[in-house]
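Novice: Have a look at this one.
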Amino acid sequence: MPVQTSIQLFTVREALEADLEGTLAELAARGFTAAEPYDFVRRAEPLAAALRANGIAAPTGHAFLASTSFVNPDGTTTTRPVPPAEEVFDAAEALGMTTVIEPYTDPALWQSREHIADIARQLNAAAEIGAARGIRVGYHNHAHELEATFDGRTGLEVFADQLDERVVLEVDLYWVARAGVDSPALLRALGDRVIAVHVKDGTLDPEAVAAYPPADQVPAGRGVVPLEEALAAASALEVAVVEFDHFPGDLFDAVEQSRRFLDERGQGDQGAA
């Protein structure tokens, strides 16, 4: 089955909040036929309508199922209640979504096996509820899950060992590189559990990565993240998701360049030529 090319809508969050319809129309014009929504529970119906109007599917999406905090673009942390899993899955169904992915957990929780096990327990419980509705649960990493190590293994690998077989992973290739981890080797170790990746490139310039949000990100194929090698190592990949945390230039041009990078390498037949 071909890998579907998608875009994480957090990339264009400012434009999206200002003009939902217009932003999705622009993404469609740039060749995207799939997107990964964020914060979709509160706006499922209007988002679903706008996606349908522009011929964009939403196979995956980010929503909190275990975490009670989120790091904002300015670096501050917001604490919020986690919505009931059923509410999340109701919204996912409205969007035609088949995989709901936990986007972030507090880095402090990755310093002990006990806390890692608790995150896994919460996602396993959510996965049981989702399975009854035909919806999978997943987890998306940042750098801290990989910077934490236990007996020579990354926290993400320790976490994967404790997940129900129904819980999948979305590996963010930029954050793997930021953590100094070999992404092709990691993907081979995680195996068929990885069904999605965030295709995000950067120069990893030390001064630029010290900024928040990171200031080193560039269109896919323009940086030093080993994207092609990582994609080749993902044995069960279904969705390759373009994402930028920040880009100072023409953002829509940058995401189109990243989409072309994927489509030209046979990672999907979903984009425009």
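Novice: Compute the accessible area per residue over the chain, keeping the other protein chains in place, probe 1.4 Å, unit Å². Each step should come with its number before you reach the end.
Specialist: On the way: 11110 Å² over 273 residues.
I get 41 Å² per residue for the chain.
Novice: Further question: Taking 0.36 nm per residue of separation and subtracting the Cα-Cα distance, what length does fully extending A53 through E87 add? Numbers along the way, then the final one.
Specialist: Details: separation 34, 0.36 × 34 = 12.24 nm, distance 2.41 nm.
Stretched fully, the A53-E87 segment lengthens by 9.8 nm.
Novice: Sticking with this one: Just check the chain against the gyration tensor rule for me: Cα atoms, a ≥ b ≥ c as the square roots of the eigenvalues, rounded for a/c under 1.5, and otherwise prolate or oblate depending on whether a/b exceeds b/c.
Specialist: It comes out rounded by the Cα gyration axes.
Novice: Here is a follow-up. Pull out the extension gain between A232 and R113, defined as 0.36 nm times the separation in residues minus the alpha carbon to alpha carbon distance; nm, one decimal.
Specialist: 39.8 nm
Novice: According to a simple spin-label model (label point 7 Å from Cα along Cα-to-Cβ), what is the distance in nm between T149 and R43?
Specialist: Placing both labels 7 Å along Cα→Cβ, they lie 4.2 nm apart.
Novice: Take the alpha-carbon centre of segment 248-268, take the same for segment 96-114, and report the distance between them in whole Å.
Specialist: Taking the Cα centre of segment 96-114 as reference, the centre of segment 248-268 is 27 Å away.
Novice: Here's something else I'd like to know. Could you work out what % of the accessible surface of segment 130-273 is carbon and sulfur, using a 1.4 angstrom probe and leaving DNA, RNA and ligands out of the count?
Specialist: Numbers: 2580 of 5660 Å².
Within segment 130-273, the accessible surface is 46 percent carbon and sulfur.
Novice: Here is a follow-up. Compute a Gaussian network model of the chain, connecting alpha carbons closer than 10 Å, and tell me which residue from A208, A127, A160 fluctuates the most.
Specialist: A208
Novice: Mind telling me which of L156, L231, L251 comes out most flexible in a GNM of the chain, alpha-carbon contacts under 10 Å?
Specialist: Fluctuation is largest for L251.
Novice: Could you tell me the distance between the Cα centroids of segment 159-189 and segment 13-71, to the nearest Å?
Specialist: About 24 Å separates the Cα centre of segment 159-189 from the one of segment 13-71.
Novice: Where the only charges are on Cβ atoms (+1 Lys, Arg; -1 Asp, Glu), what is the dipole of segment 170-221 about its Cα centre, to the nearest 20 debye?
Specialist: Approximately 180 debye in magnitude.
The values are calculated or read from the model by the stated rules, or taken from the named source; none is laboratory data. It should be emphasised that the depicted structure is a prediction, and the values quoted were computed from it without experimental measurement. For neighbour counting, all protein chains shown are included, and Cβ atoms are generated from backbone atoms with ideal geometry for every residue, glycine included. Keep in mind that these areas ignore ligands, DNA and RNA; they rest on the heavy atoms of the full protein, side chains included. Shrake-Rupley method; radii C 1.70, N 1.55, O 1.52, S 1.80 Å.
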